[in-house]
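The structure appears below as structure tokens.
The values are calculated or read from the model by the stated rules, or taken from the named source; none is laboratory data. Since we're looking at a predicted model, the values are computed, not measured. Cβ coordinates were reconstructed from backbone atoms using ideal geometry, including for glycine residues, and neighbour counts include every protein chain displayed.
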Amino acid sequence: MSPTRAVLCGYYGMGNAGDEALLVSLLQMLPESVEPIVLSGDPQTTKKSYDVASYYRKSTFTLLKVLQQSDIFIWGGGSLMQDSTSLASPIYYAGMMALAQQQGLKTIAWGQGIGPLNKSLTRWLTKQVLFGCDAISVRDHASAELLSKWQIEPIIAPDPVWALQSDPAPKLPDTDKEIVAVVLRSHPLLTATRLKTLIQAIQDFQTQSNSYILLVPFQPLQDMAIAEKIAIQLEQDYSVMSIPNPKQLKGLFKNIKMAIGMRLHSLIMAAAEGCNCFALSYDPKVSQLMSELNLPGYELTDLPQDPQIISSVWLKQYHHHPALTQIQIQSLIDRALIHQQLLETVINK
């Protein structure tokens with residue numbers, strides 16, 4: 001009996017640890033009878049890293065051939081349908097989904113965060129392709145509410161990365177001090193003034209907590225410059241660590257006292273490993289996570305101008321227990337596996 005061939009489409013092979021974690025979570029949840037084919041920005045690295053077939057995500061002839069030889073098409077997690085950064089992204093993903101539906105494949109929108117959709121075109125495209133899906137799961141209530149307005153009823157479950165298996169980090173900083181991870185990313189809301197304030201707050205916080213600062217760029221092409229800018233202003237007890245393996249990156253947070261994160265999946269990974277978290281929100285998806293989990297944090301637009309106010313808030317969080325209990329974490333992990341049940345239901349139908 002030939003295997004079921006599933007095309008996995010997402011922001012893969014682009015050097016973003018969060019999206020790679022979503023890919024590994026999806027591969028982890030696929031039934032054993034499925035042969036995955038990953039569309040990637042870097043097929044060779046994807047193939048080598050995960051031992052899967054992989055093709056360049058924008059090679060039109062190859063994509064059409066792959067779809068014609070496959071059975072299922074899966075949008076594999078994340079905020080694929082959003083137009084806050086550009087129109088190109090939602091047009092690409094909607095086009096791929098529409099092409100798969102035209103070719104007669106079963107189609108699944110899996111672990112999605114829908115929006116923001118500010119333009120009528122992207123709202124229309126999203127609605128049309130979702131109406132054609134065999135199954136839809138979303139990762140937050142805001143996405144579910146939006147689809148409900150379109151008379152689409154998705155399955156809602158926590159982000160699949162909650163259920164990602166973790167491995168030990170390859171190397172930990174050589175220190176006896178408590179480690180605090182800082183995960184910042186470039187974004188228009190992280191202005192030069194706000195970054196300067198945050199760096200001063202980190203300096204003050206480190207002095208008062210006597211902690212070791214670990215700077216973790218989740219997408220080095222975007223994040224490394226910020227990590228290095230912070231690093232040169234810390235006198236001692238710091239390092240910069242980039243971990244491309246998603247399971248090891250998640251496992252790193254087992255050894256972290258506290259994480260200060262902008263990126264959504266830095267907060268999910270940290271919280272899932274029982275780490276104390278403080279969010280810096282630049283996007284509705286981070287704000288939604290803060291609200292749903294009652295995580296402490298700041299909207300970047302409301303960041304205090306006084307770095308000592310920020311560092312004092314961080315110190316209070318540093319000395320408190322993590323926001324989530326082990327019972328809450330296990331519940332999130334168990335509910336994230338609903339995404340796996342959806343896959344099994346559609347694929348085995």
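For this structure, a couple of remarks:
- Taking strands (runs of 3 or more DSSP E) as the structural unit, those lying wholly within region 217-296 and holding at least 1 residues that are at pLDDT 95 or above, among the β-branched types (Val, Ile, Thr) and over 15 Å from Leu172 (Cβ atoms) correspond to 258-261.
- Filtering region 319-349 to residues that are within 25 Å of Ile74 (Cβ to Cβ), at pLDDT below 95 and not in a helix (DSSP H, G or I) leaves Asn348, Lys349.
Here's the yes/no breakdown for (1) assigned to a loop (DSSP other than H, G, I, E, B); (2) in contact with a strand residue (DSSP E or B) (Cβ under 6 Å, 6 or more places away or on another chain); (3) surrounded by 24 or more Cβ atoms within 10 Å (Cβ to Cβ):
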| site | (1), (2), (3) |
| --- | --- |
| Gln28 | no, no, no |
| Ile37 | no, yes, no |
| Lys47 | no, yes, no |
| Leu67 | no, no, no |
| Ile74 | no, yes, yes |
| Ser89 | no, no, no |
| Gly95 | no, no, no |
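- Pairing each residue of region 243-264 that is within 18 Å of Gly78 (Cα to Cα) with any residue that is polar (S, T, N, Q), provided the two are 6+ apart or on different chains, yields C-beta distances under 7 Å for Lys247/Gln165; Lys247/Ser166; Lys250/Ser166.
- Tally, over region 204-221, of residues that are of a type in the set (S, T, N, Q) and touching a residue at least 40 places away in the same chain (Cβ under 8 Å): 4
- Among the candidates Lys177, Lys149, the residue that is closer than 25 Å to Val286 by Cα, over 23 Å from the mean Cα position of the chain (by Cα) and basic (Lys, Arg) is uniquely Lys149.
- Total residues in region 157-186, condition of a type outside the set (S, T, N, Q), surrounded by fewer than 18 Cβ atoms within 10 Å (Cβ to Cβ) and within 26 Å of Trp75 (Cβ to Cβ): 0
- Top-ranked residue of region 287-314 - restricted to ones that are in contact with a Leu (Cβ under 8 Å, 6 or more places away or on another chain), touching a residue at least 60 places away in the same chain (Cβ under 8 Å) and not polar (S, T, N, Q), ranked as surrounded by the most Cβ atoms within 10 Å (Cβ to Cβ): Leu289
- Filter result (without any contact (Cβ under 8 Å) to a residue 40 or more places away in the chain and of a type in the set (A, V, I, L, M)) within region 24-46: Leu27, Ile37, Val38
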